[in-house]
Each structure stands twice: as C-alpha cells, then as structure tokens.
Amino acid sequence: MAFYASCTRSNIYENNVAIKSFKWDEKTKHAFKFDITDTVANYNMYFTIRHSDAYPYSNIWLNIQTQFPGTDTSSQTRIEVPLADLEGKWLGRGMNEIWEHRMLIASPVKFSQTGQYTITLQHAMRINPLPEIMSVGIRVEKASKEN
C-alpha cells in the first residue's frame with residue numbers, strides 16, 4: 001500500500017462551482033482561491049468541466065486571470081481547451097448524458113511565492129450565455145518527480 005501512496009500525486013486544491021440553469025453568462029467570473037506553501041515544487045493545473053451531451057462545441061475558450069498573493073499584481077491569459085477529438089467524440093468521461101473533463105492547462109507551474117493565489121475563470125466563447133455547462137472548476141496538484 002505504501003507503494004501506491006508514494007506514486008500518487010498530492011492534490012493541493014480542487015473546487016468546482018455549479019453553473020446556474022446550465023447557462024454560463026460571459027460576464028460571470030468564477031474565482032478559486034488556494035494557498036501555496038511549497039515554492040520549490042512543480043505543479044500541474046487542470047480545468048474541470050461538466051456539461052451535457054448537448055453542448056454544441058468541441059472546445060471552450062477561457063480567459064484565465066491569476067492574482068498573486070499579497071499584491072494587486074495579476075496576469076491574464078486566453079486559452080482554448082479541447083473537449084472532443086476531430087471526429088466529435090468527447091475526450092472526458094461520460095455517464096448517460098453527462099460528460100466530465102479534467103484537462104491539463106498548465107504544466108509545470110512554479111509558484112514564486114507562498115500565500116493565497118486566486119484563479120478566475122471566464123468563458124470567451126462567441127455565444128452568450130454558453131449553454132449546457134453544469135459546472136467548472138480548477139484543480140492544482142504537485143507534479144510527480146518525473147514532470
């Protein structure tokens with residue numbers, strides 16, 4: 001059993017928020033706050049999403065803002081997260097009409113200072129509100145030694 005524990009990644013933070021009426025308004029930003037105590041380690045950051053089978057796109061564009069601890073300093077980036085392959089098959093795990101994805105969006109991430117970070121998500125799709133989105137979230141975990 002100790003063998004499995006030593007190979008398992010340490011989950012630092014994971015949180016998901018429900019999307020009201022399964023319609024994500026482009027003005028609605030979801031903020032996720034977590035503490036970093038280890039600035040030596042590398043981390044992986046994932047975007048998590050649950051959507052229905054009726055979600056009309058094979059991807060999602062996100063505006064991601066990172067607020068650094070103890071300052072007004074932040075950085076912003078825009079990324080595309082694929083949710084389906086070229087044939088339209090969902091990349092996540094499905095159960096009936098619901099699909100869940102955990103998509104790596106940054107690796108390796110090195111946090112330069114300890115303290116509380118805030119990651120804010122906002123969709124950047126052309127349609128508003130974005131339909132069939134049930135929840136979105138962030139997962140941050142320490143990377144394995146191989147990463």
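Things worth noting here:
- Taken over segment 92-106, the criterion of being surrounded by fewer than 13 Cβ atoms within 10 Å (Cβ to Cβ) and either touching a Phe, Trp or Tyr at 6+ places or on another chain (Cβ under 8 Å) or part of a loop (DSSP other than H, G, I, E, B) (or both) is satisfied by Arg93, Asn96, Glu97, Leu104.
- Just one of the numbered conditions (1) in contact with an Asp or Glu (Cβ under 8 Å, 6 or more places away or on another chain); (2) over 16 Å from Ile12 (Cβ atoms); (3) touching a residue at least 40 places away in the same chain (Cβ under 8 Å) is not true of Asn44: (2).
- Whichever residue in segment 107-129 is at pLDDT below 95 and either part of a strand (DSSP E or B) or hydroxyl-bearing (Ser, Thr, Tyr) (or both) and, among such residues, is surrounded by the fewest Cβ atoms within 10 Å (Cβ to Cβ): Ser112
- Residue count for segment 38-88 under the criterion of being of a type in the set (D, E, K, R), farther than 22 Å from Met134 by Cβ and outside any loop (DSSP other than H, G, I, E, B): the result is 1.
- Across segment 67-76, the qualifying residues are those that are in contact with a strand residue (DSSP E or B) (Cβ under 7 Å, 6 or more places away or on another chain), among the polar types (S, T, N, Q) and surrounded by fewer than 16 Cβ atoms within 10 Å (Cβ to Cβ), and the one among them that is farthest from Val40 (Cα to Cα) is Gln76.
- Against the test of being more than 30 Å from Lys145 (Cα to Cα) and either among the aromatic types (Phe, Trp, Tyr) or surrounded by 13 or more Cβ atoms within 10 Å (Cβ to Cβ) (or both), the options Ile64, Ile36, Ile79, Ile60 yield a single qualifying residue, Ile60.
- Screening Ser144 with (1) over 29 Å from Ser21 (Cβ atoms); (2) touching a residue at least 12 places away in the same chain (Cβ under 8 Å); (3) assigned to a strand (DSSP E or B); (4) more than 12 Å from the chain's Cα centre (by Cα) gives one miss only, at (3).
- Selection from segment 16-37 of residues that are in a helix (DSSP H, G or I) and either among the small types (Gly, Ala, Ser) or within 17 Å of the chain's Cα centre (by Cα) (or both): Ser21
- Test result for Arg50, surrounded by fewer than 16 Cβ atoms within 10 Å (Cβ to Cβ) and of a type in the set (Lys, Arg): no
The values are calculated or read from the model by the stated rules, or taken from the named source; none is laboratory data. Quick caveat: nothing in here was measured; it's all calculated off a predicted structure. All Cβ positions, glycine included, derive from the backbone under ideal geometry; neighbour counts span all protein chains shown.
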